[in-house]
Amino acid sequence: FTASWVTINLYGHLRGRAVLALPKGGDKPFPLVVAQHGIGSSPERVFGFGDDAMLYHCYGQRLAEAGYAVLAPLNVTGAKPRERLTRLCTMLDKTLWGLEIAKIRRLLDYAETREELDTTRVAMWGISLGGAYTLFTMPLEPRLRVGICTAWFNHRVKKMAIDDPRYSCFLSVDENHIFIPGWLREFSDSDLVSLIAPRPFMSQTGKGDGIAWWPFVVEEFERAREHYVKLGLEPERMALDLHEGGHEIRVQSGLDFLKKWL
């Protein structure tokens, strides 16, 4: 495959950047996967560069080899820069989350101008903070037909506000950029999935991942599944890949899910 940086105009002097990878072979137009990196990371890591801990497992490369075009947006990646921008957004009665979701949507506008891309077949697959952006963007963006959320889906009240030695709680760590006004009052992860249904959705959760206590994830996932059950949808349209690993991409289960639904 070939890969290059793409830069688009957003608002005023703001720009958005992403890496776009295209398979060298196969039939055009290619289905597209938005591959969103996590915090402290970058689009390059999606393709295996600098991934010393092997959390990403070169999933961008594996997607391209499987015949998908890959769009890997660059988000603000450091906790301190995110907190600085969050303060500015707060004074404007906005959020950094909203700004970066808008950027992803503008990148999809750009993708629609590329004849090599089939923008009727678009998925989003993000890890960690990129999993959060997957969960937040899909309800707002109907062009995203399939979603895979890796190492983020959680029992949100417990994760955000209840300390527990079995997992990390955001209330007790120095990541103020992560909080959204009204979050606990308005919606949990299962509620967000209700806005994704009936589109296919997968959560990848490692039992060894310290971000969550996996039985709580299962509990929240079952709440989310109820929306698919009430709609009479195929059970496999709503999938939980609960594995023995940690905070990492599960390439094969994700590829299998995309092959079935995209």
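The values are calculated or read from the model by the stated rules, or taken from the named source; none is laboratory data. It should be emphasised that the depicted structure is a prediction, and the values quoted were computed from it without experimental measurement. Glycine gets a Cβ as well: all are built from the backbone with ideal geometry, and neighbour counts include every protein chain shown. Each accessible area value is taken on the protein alone, full model and side chains, heavy atoms only, with ligands, DNA and RNA left out. Shrake-Rupley method; radii C 1.70, N 1.55, O 1.52, S 1.80 Å.
General observations
- Share of carbon and sulfur in the accessible heavy-atom surface of segment 1-138 [1.4 Å probe, %]: 53 percent
- Extension gain (nm, one decimal) between Cys89 and Asn176, 0.36 nm per residue minus Cα-Cα: 30.0 nm
- Placing unit charges on the Cβ atoms of the charged side chains and taking the dipole of the chain about its Cα centre, the candidate lying farthest along the positive direction among Ile211, Val193, Thr77 is Thr77.
- Surface accessible to a 1.4 Å probe, per residue, for the residues of segment 1-147, Å²: 45 Å²
- In terms of its alpha-carbon gyration tensor, segment 112-180 comes out prolate; a/c meets the 1.5 threshold, and the first ratio a/b outweighs b/c.
- Cα centroid of segment 26-95 to Cα centroid of segment 117-144, whole Å: 11 Å
- Residue among Val229, Val33, Val218 with the largest mean-square fluctuation in a Gaussian network model of the chain, springs linking Cα atoms under 10 Å: Val229
- Think of it as helices only: each DSSP H run of n ≥ 4 in the chain is worth -39500 (n - 2.57), and spread over all residues that comes to -10500 deg cm²/dmol at 222 nm.
- Segment 140-241, accessible surface, carbon-and-sulfur percent (1.4 angstrom probe): 58 percent
- Over 31 Å between alpha carbons, listed pairs Lys94/Lys158; Lys24/Lys94; Lys24/Lys159; Lys207/Lys260; Lys80/Lys230: Lys24/Lys94; Lys24/Lys159; Lys80/Lys230
- Evaluated at q = 0.08 Å⁻¹, a Debye calculation over the C-alpha positions of segment 22-175 (equal weights, vacuum) places log10 I(q)/I(0) at -0.25.
- Evaluated with a Cβ-only charge set (Lys, Arg +1; Asp, Glu -1), segment 148-238 carries a dipole of roughly 180 debye about its Cα centre, given to the nearest 20.
- q = 0.08, 0.09 Å⁻¹: log10 I(q)/I(0) that the Debye formula gives for the chain, counting C-alpha atoms only: -0.29, -0.37
- Taking all Cα pairs closer than 8 Å and separated by 6 or more residues, the relative contact order of the chain comes to 18 percent.
- Prolate/oblate/rounded call for segment 193-256, Cα gyration tensor, a/c under 1.5 rounded: oblate
- Since only Phe47, Phe30, Tyr11 are under comparison, the one whose Cα sits farthest along the positive direction of the charge dipole of segment 1-116, derived from C-beta charges on Lys, Arg, Asp and Glu, is Tyr11.
- Start at zero, step by 5 Å, and the Cα-Cα distances of segment 112-262 spread as 2, 9, 19, 23, 21, 13, 8, 4, 1, 0, 0 percent across the bins.
- When each of the peptides 66-72, 43-49, 98-104, 124-130 is scored by the mean number of other C-beta atoms lying within 10 Å of its residues, the order from highest to lowest reads 124-130, 66-72, 43-49, 98-104.
- For Ser4 and Glu186, a Förster radius of 41 Å and the Cβ-Cβ distance give a FRET efficiency of 0.55, rounded to the nearest 0.05.
- A full extension of the chain between Glu115 and Leu231 corresponds to an added length of 38.3 nm, given 0.36 nm per residue minus the alpha carbon distance.
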